[in-house]
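Some notes on the structure that comes next.
The values are calculated or read from the model by the stated rules, or taken from the named source; none is laboratory data. All values reported here derive from a predicted model rather than from experimental measurement. Cβ atoms come from the backbone with ideal geometry, glycine included; neighbour counts cover every protein chain shown.
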6 protein chains.
Amino acid sequence: MFATRVDNRADRAIRPVTLERGVMKNATGSCLVKFGDTHVLCAATIEERVPGWRKNSGLGWVTAEYAMLPASTSKRTPREYKGRKGRSQEIERLIGRSLRNVCDMGAMGGEVLMTVDCDVLQADGGTRTASITGAWVAAYDAFEMWRKSGKCKRNPLFGQVAAISVGMVGGRLLLDLDYREDSKAEIDMNVVMNAKGEFIEIQGTGEQAPFGKATLDDMLSMAQSGIEELLALQRAAVQL
Amino acid sequence: MFATRVDNRADRAIRPVTLERGVMKNATGSCLVKFGDTHVLCAATIEERVPGWRKNSGLGWVTAEYAMLPASTSKRTPREYKGRKGRSQEIERLIGRSLRNVCDMGAMGGEVLMTVDCDVLQADGGTRTASITGAWVAAYDAFEMWRKSGKCKRNPLFGQVAAISVGMVGGRLLLDLDYREDSKAEIDMNVVMNAKGEFIEIQGTGEQAPFGKATLDDMLSMAQSGIEELLALQRAAVQL
Amino acid sequence: MFATRVDNRADRAIRPVTLERGVMKNATGSCLVKFGDTHVLCAATIEERVPGWRKNSGLGWVTAEYAMLPASTSKRTPREYKGRKGRSQEIERLIGRSLRNVCDMGAMGGEVLMTVDCDVLQADGGTRTASITGAWVAAYDAFEMWRKSGKCKRNPLFGQVAAISVGMVGGRLLLDLDYREDSKAEIDMNVVMNAKGEFIEIQGTGEQAPFGKATLDDMLSMAQSGIEELLALQRAAVQL
Amino acid sequence: MFATRVDNRADRAIRPVTLERGVMKNATGSCLVKFGDTHVLCAATIEERVPGWRKNSGLGWVTAEYAMLPASTSKRTPREYKGRKGRSQEIERLIGRSLRNVCDMGAMGGEVLMTVDCDVLQADGGTRTASITGAWVAAYDAFEMWRKSGKCKRNPLFGQVAAISVGMVGGRLLLDLDYREDSKAEIDMNVVMNAKGEFIEIQGTGEQAPFGKATLDDMLSMAQSGIEELLALQRAAVQL
Amino acid sequence: MFATRVDNRADRAIRPVTLERGVMKNATGSCLVKFGDTHVLCAATIEERVPGWRKNSGLGWVTAEYAMLPASTSKRTPREYKGRKGRSQEIERLIGRSLRNVCDMGAMGGEVLMTVDCDVLQADGGTRTASITGAWVAAYDAFEMWRKSGKCKRNPLFGQVAAISVGMVGGRLLLDLDYREDSKAEIDMNVVMNAKGEFIEIQGTGEQAPFGKATLDDMLSMAQSGIEELLALQRAAVQL
Amino acid sequence: MFATRVDNRADRAIRPVTLERGVMKNATGSCLVKFGDTHVLCAATIEERVPGWRKNSGLGWVTAEYAMLPASTSKRTPREYKGRKGRSQEIERLIGRSLRNVCDMGAMGGEVLMTVDCDVLQADGGTRTASITGAWVAAYDAFEMWRKSGKCKRNPLFGQVAAISVGMVGGRLLLDLDYREDSKAEIDMNVVMNAKGEFIEIQGTGEQAPFGKATLDDMLSMAQSGIEELLALQRAAVQL
């Protein structure tokens, strides 16, 4: 397929990643995350209410919303005014589960809702993994603000979470696929991990080709190395 | 947690599974699949049209719809009239991808759409894995009917696909979780495989607890043994 | 038109009718009703709440929902996600009124809601009359369960209700039309009656041909004889 | 109940009825119908198109829409922006069937759609029967206009259609119920007839009380006398 | 363009305007306003509730809804069942702001909601200006009724509000455009004023042609003279 | 009210304005516009299709969409999934009209659609005026790209368009209101002008207080001086 990757990356290399904090004045916490040409604006808002089913639990809740700006894609994507797309809901459910995995919802200071909005400004593959990685930074900052204003005693995030994609393209395993790679991938896998090297989510799809256990093991190992880099960048961003 | 499983099953045992074909007179193919108390009615319909984006490709398409009857759950579930739920769309996308993985869409006899409707009559955990397993039988029968009426030359399904769940409950790995087990599971994984022992989809979620590589390996091995049983039941059902 | 009816029935004969109870583990009461090839799954659920307008009345309420599985018809019927069809709402209003006519809503044990879901598995004409007939059985069983658990003192159903269609096809009056007959009928009438031989609903439509009083009288007489058979089958089903 | 009816009408008397034609400049045909304090604006529009399923039939189609102005009721009725009500759809289906019963859709001059909009300005019981009665006048005038402009050879309406309600209130049969009577009625029946004294639709509901055959016969006879008055008023209105 | 206006009006003349009160029995206040062939039925309803955001303010609120009957236009306009049109919402927001400008919402007798429904029966240009002018009369009458029933101490309307359009058509400034003029206008302006000669809203659009300050001044002057006539007609209507 | 404005601006001073081009790789043209703390991302996309009503005209069309990111406001704003808000539609209609006023739609190279998406990243008053001002830059760049790729002969924009708000706050006229000023304004006016000093749109609202002609003249004069500054910044941005 490609003798080399479009951007001359090594197969096991992630794209240049930046995590820019505090980019939205009105959000409690925010982070503009870039995985190469994929740019996602993550904004965490905290409100003193919870969904109906969570009432009288004494616990908080963390949820996420995901959307793409129409011009984020090379062919304009219509807004989801006439019914949410399954893909968008699937991604926002994934982001929410990932954050809740590292959050002590009993430590949010009561029945409090954090919503992390992930709006894709520019899409070039990996929008869900960039969203999770940036959402953690936005959530961390929002909870710090919350803690500093006396609303909770400690930051309810007890760990980090980050995500990366890995796939097989033309028979070769590649880390952190961009759009052109992703659209040709035989296997596409998204992996979410914490800082202890444990899995939080694994979503592997072989729509073009099924895959054996050995390939799976290679993909997970490759993903783990990428996620370790992302976790370090997160720590640097929030000065942990 | 449980000294024994509610139904006295071994940890690595699947529930009693039945695949009853030809249960809906008006569907091209149909299968009532039961995984214990989880009952799903799968109906495959073939229409001579494809979605707009597929036109002029010469290829067919396979899609799925998933819904729960309101009284399929112990607390009545409202119908999705006011907007589809993300969960339902996520499941129907999974069913569709699984079937397409074993279907030669160039052999469907032109621009032809197969829709497999999976309607849950009774829910007791594992509705998505039962749906995939039953959907394959309904699709197989519908394509046989299609082939016999001269619409295509051979059955476009070139392989089988089946699915099972595996999870960790109270620190113990269990196969094919029922609802009570599923609602307490620390880790929940759905695995879709073909008859060559290859993975088509892996969706593992550690919402309650992250998990390491060794646990993942055990879960996948347990899933594979369950799926082999399901594939044999499918072959018996369609007399392959 | 037909020298004989498709299935060799006499003009005044109903199709083979079965009423199978207890078919859904999670419903409070359920009944799979078959009028020949028309199969409807009726499930009665009781919840301890009433619609807003009924609050503080001390009375219960009985309502119904009606839907067709997509593959219940020979040409696949799309699900009603983008707006309810008038026909479906008209039918569910009819089912609800019929049940309320024989229900003492002051004896339901307070502000309690019964919803009877009628999901058509297979449609071959007469889905609304089969729904009413089966819904009564499901409701009866659900109320028995309610009574046995001490929630109400007696079964609030003080009578039976059943329904049948009658129509004119090719100038001949026929009872309990199947789909092929129904689609050619000049006159189509649905009759709902109680066990005292009284009318609860009469809905007669002469879209193809208006009709005189004599014809109406014949149709009502024919309907009554069919309904008497259905009422006997209901009593047998619930062992009254 | 009432010693006399609120407006001193005899039990078998209809309310004062007026049919005012040509009230909407932009409609092809229009009629403001008043049954006492029930006022409905009926407007017939003809467009040179038919619904998709009717294409290539060479035939026309007649349909209706029904809505209530929010202030037509004593308690303001919200507009149906968030989903059509079953009641409204049920009524507009009834109006459409009634008109089609007296219309030769092969004589409309090709694939032509008539839509009759029935908008209730003021509701005081009997809005559906007033709508049908007025809709016929609007449709007649629109078809006359169509004929005069050479679009069809003769008026496709080959007969008249009108409708009235009859009900039992406090044990007494009353014709043409107003809102106060209707809301207390034990039995409520709407009857649609043509000028030959034949029935087109009978919709009788005994939500409060079932009824026997003798009562039904009395109601139908009372309805027929009312409809004869309405048919005469229609003829006078269009100068037939 | 036109040597004379279609209806021989002078350029600075408004159409014949009538304001007919009390036309809807069930509305608290109502007014059928006619600006030539533009007819709008305005109905004011008062309910003892306010929108959620207004609760616990002790203040009332005034809002409006605007819709066109399908047959009000020469080409039938579909009802807004599948999503509100931006134009309708823009107009109803304008009507609401205009009325609130002359209403003391602290004098409505508590947390009380007035809704003014403006339903266009016949559209011939200027439906929004007719709506505002008629809505004031309906609101005035509804508040009088409210005051007389002791719900508030004085009529909360402390002034009048009326509106007119002015536009440039073929280079000529014209007052109160009808539909044919409006559809050819290079500039279209709607002006809302009170009885002190002050502006409440100015909405000028030069979609076909931008305009200079001198033209603007002429248009506003022309509008003011028209509005003075309307204000006098309002006073006559309500006998102020 | 304020002795000085929050940010020490003079009453007639606009906020610091920047127009950053080319910020979205996948859009045909884009501009991140900042009016102080109000940030709007404007993206122009060109597609070779037009709306249905524009077909066979040989002309192009220009439209706009406007939305706010949920976290753009200090209190999170829900996404418009359950029905568009009137305010959003009103603003996007205004943006579209403004651009069309300076665009020769016959010079777009055929039946071609430009959509300018204006997504508010951060809202601090004046989002609609910033959107118009930035949308012109995005549209200009997209048309330049279109022209350079040979799709049209010249840039169809034959002039510039920019917009500013002006209002009365505490009796003082202020230019380019920020959110705190806007929320207290007695009068709020948005003015859209071209580079010839002509008005394209004037939308003045005196919800808190009506205003006389002298005030209007002052506001328009103040707006014009602000718009001249914006037009100069646009020219600098696109190097005209």
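A:Gln203 passes all but one of (1) part of a strand (DSSP E or B); (2) more than 21 Å from B:Gly204 (Cβ to Cβ); (3) polar (S, T, N, Q); which number fails?
Of everything listed in (1) part of a strand (DSSP E or B); (2) more than 21 Å from B:Gly204 (Cβ to Cβ); (3) polar (S, T, N, Q), A:Gln203 misses just condition (2).
In region F:1-40, what residues are of a type in the set (A, V, I, L, M) and surrounded by 14 or more Cβ atoms within 10 Å (Cβ to Cβ)?
F:Ala13, F:Ile14, F:Val17, F:Leu19, F:Val23, F:Met24, F:Ala27, F:Leu32, F:Val33, F:Val40 - these are the residues of region F:1-40 that are of a type in the set (A, V, I, L, M) and surrounded by 14 or more Cβ atoms within 10 Å (Cβ to Cβ).
Can you tell me which residues in region E:187-202 are under 22 Å from E:Ala13 (Cβ atoms) and buried (at least 21 other Cβ atoms within 10 Å of the Cβ)?
The answer is E:Ile187, E:Asp188, E:Met189, E:Asn190, E:Val191, E:Val192, E:Met193, E:Phe199, E:Ile202.
Within region E:128-147, can one find any residue that is in a strand (DSSP E or B), among the polar types (S, T, N, Q), closer than 22 Å to E:Ser74 by Cα and at pLDDT 95 or above?
There is no residue in region E:128-147 that is in a strand (DSSP E or B), among the polar types (S, T, N, Q), closer than 22 Å to E:Ser74 by Cα and at pLDDT 95 or above.
With respect to B:Ser98, determine if the residue is among the hydroxyl-bearing types (Ser, Thr, Tyr) and closer than 26 Å to B:Val238 by Cβ.
It is true that B:Ser98 is among the hydroxyl-bearing types (Ser, Thr, Tyr) and closer than 26 Å to B:Val238 by Cβ.
Filter region C:98-111 for residues that are within 22 Å of B:Lys75 (Cβ to Cβ) and under 22 Å from the mean Cα position of the chain (by Cα) and give the result.
C:Leu99, C:Met108
Go through (1) surrounded by fewer than 16 Cβ atoms within 10 Å (Cβ to Cβ); (2) within 14 Å of chain E (Cβ to nearest Cβ); (3) within 17 Å of F:Ile14 (Cβ to Cβ); (4) of a type outside the set (Lys, Arg) and name the single condition F:Asp217 misses.
If we test F:Asp217 against (1) surrounded by fewer than 16 Cβ atoms within 10 Å (Cβ to Cβ); (2) within 14 Å of chain E (Cβ to nearest Cβ); (3) within 17 Å of F:Ile14 (Cβ to Cβ); (4) of a type outside the set (Lys, Arg), just (3) comes out false.
Quick one: A:Phe143 ticks every box in (1) more than 9 Å from every other protein chain (Cβ to nearest Cβ); (2) buried (at least 17 other Cβ atoms within 10 Å of the Cβ); (3) more than 30 Å from A:Gly60 (Cβ to Cβ) bar one, so which box is it?
All conditions pass for A:Phe143, except number (3).
Out of curiosity, is E:Leu231 in a helix (DSSP H, G or I) and either more than 30 Å from F:Cys103 (Cβ to Cβ) or basic (Lys, Arg) (or both)?
yes
Picking from C:Val116, C:Val112, C:Val120, which residue would you name as being farther than 17 Å from C:Thr63 by Cβ, at pLDDT 95 or above, buried (at least 19 other Cβ atoms within 10 Å of the Cβ) and not charged (D, E, K, R)?
Only one candidate passes the filter, namely C:Val120.
Count, please, the residues in region A:91-127 that happen to be part of a strand (DSSP E or B) and either in contact with a Pro (Cβ under 6 Å, 6 or more places away or on another chain) or small (Gly, Ala, Ser) (or both).
Residues in region A:91-127 being part of a strand (DSSP E or B) and either in contact with a Pro (Cβ under 6 Å, 6 or more places away or on another chain) or small (Gly, Ala, Ser) (or both): 2 in total.
E:Gly83 - would you say it is modelled with pLDDT under 95 and among the small types (Gly, Ala, Ser)?
Yes: the conditions hold for E:Gly83.
Restricting attention to region D:40-54, report how many residues are in contact with a Cys (Cβ under 6 Å, 6 or more places away or on another chain) and more than 24 Å from D:Ser183 (Cβ to Cβ).
1
Please verify whether region A:141-153 includes one or more residues that are at negative phi, in contact (Cβ under 8 Å) with a residue 40 or more places away in the chain and touching a Phe, Trp or Tyr at 6+ places or on another chain (Cβ under 6 Å).
Scanning region A:141-153 turns up at least one residue that is at negative phi, in contact (Cβ under 8 Å) with a residue 40 or more places away in the chain and touching a Phe, Trp or Tyr at 6+ places or on another chain (Cβ under 6 Å).
All but one of (1) buried (at least 21 other Cβ atoms within 10 Å of the Cβ); (2) closer than 26 Å to B:Leu19 by Cα; (3) not basic (Lys, Arg) hold for B:Val169; state the number of the condition that does not hold.
Looking at each condition in turn, B:Val169 falls short on (2).
Taking the residues in region C:49-78 that are assigned to a loop (DSSP other than H, G, I, E, B) and within 8 Å of another protein chain (Cβ to nearest Cβ) as candidates, determine which candidate is surrounded by the most Cβ atoms within 10 Å (Cβ to Cβ).
C:Leu69
Please go through region C:79-124 and give me each residue that is of a type in the set (Ser, Thr, Tyr), touching a residue at least 60 places away in the same chain (Cβ under 8 Å) and more than 7 Å from every other protein chain (Cβ to nearest Cβ), ordered by number.
The answer is C:Ser98, and nothing else.
Residues in region B:182-199: is at least one charged (D, E, K, R), assigned to a loop (DSSP other than H, G, I, E, B), away from chain A (no Cβ under 11 Å) and touching a Ser or Thr at 6+ places or on another chain (Cβ under 8 Å)?
no
Within the group D:Ala163, D:Ala130, D:Ala223, D:Ala209, which residue is buried (at least 23 other Cβ atoms within 10 Å of the Cβ) and within 12 Å of another protein chain (Cβ to nearest Cβ)?
One residue alone meets the criteria, D:Ala223.
Could you tell me whether region D:120-136 includes any residue that is in contact with a Gly (Cβ under 7 Å, 6 or more places away or on another chain) and under 24 Å from E:His39 (Cβ atoms)?
Looking through region D:120-136, at least one residue is in contact with a Gly (Cβ under 7 Å, 6 or more places away or on another chain) and under 24 Å from E:His39 (Cβ atoms).
Could you tell me which residue of region E:2-39 is farthest from E:Arg180 (Cα to Cα), considering only residues that are more than 12 Å from chain D (Cβ to nearest Cβ) and in a strand (DSSP E or B)?
E:Arg21
Being surrounded by fewer than 23 Cβ atoms within 10 Å (Cβ to Cβ) and aliphatic (A, V, I, L, M) is the filter here, so list the residues in region A:100-109 that pass it.
A:Val102, A:Met105, A:Ala107
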